[in-house]
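The values are calculated or read from the model by the stated rules, or taken from the named source; none is laboratory data. Since this is a predicted model, take the numbers as computed values, not measurements. We place every Cβ from the backbone using ideal geometry, glycine too, and count neighbours over all the protein chains shown. Areas reflect the complete protein model, heavy atoms only, side chains present, ligands, DNA and RNA absent. Shrake-Rupley method; radii C 1.70, N 1.55, O 1.52, S 1.80 Å.
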Amino acid sequence: MIQISEILNLIFDSIGLVTIVALYRIGLIPRYKYLFIGFLCVWFSSLFTVLEGFFWPEILNFLEHFTFLLSGVFFLFGINVYFLKRQEV
């Protein structure tokens, strides 16, 4: 079943991802690789949420939750690498 909130979430995530890529390219924000991968995992989670309404609901539901878990891991790892380790120097 397709829900409008899932489609809107994918649209807003896509706009956010395009904005982050554009800001990376022009150099307005630092290139934090792990944080970008975390944002990409959130986008894939939204994509899998929408696609599971069309086909393979069990597999895509698993992938949705797994990529959301990965986003949390990458965010945590990125914060650790880029912010907490800088305090030690």
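List of remarks:
- Residues within region 4-18 that are in contact (Cβ under 8 Å) with a residue 40 or more places away in the chain and polar (S, T, N, Q), tallied: 1
- Members of region 39-69 that are within 23 Å of residue 23 (Cα to Cα) and free of Cβ contacts under 8 Å to residues at least 40 places away in the same chain: 39, 40, 41, 42, 43, 44, 45, 47
- Candidates in region 54-89 are the residues that are among the aromatic types (Phe, Trp, Tyr) and farther than 23 Å from residue 32 by Cα; of these, the one that is modelled with the highest pLDDT is 62.
- Among residues of region 62-79, those that are open to solvent by less than 60 Å² (accessible area, probe 1.4 Å) and not hydroxyl-bearing (Ser, Thr, Tyr), counted: 7
- Looking only at region 38-61, residues that are open to solvent by 50 Å² or more (accessible area, probe 1.4 Å) and closer than 24 Å to residue 81 by Cα come to 4 in all.
- Test: residue in region 26-36 that is among the charged types (D, E, K, R) and over 25 Å from residue 5 (Cβ atoms): yes
- Members of region 8-28 that are open to solvent by less than 60 Å² (accessible area, probe 1.4 Å) and aliphatic (A, V, I, L, M): 10, 17, 20, 21, 22, 23
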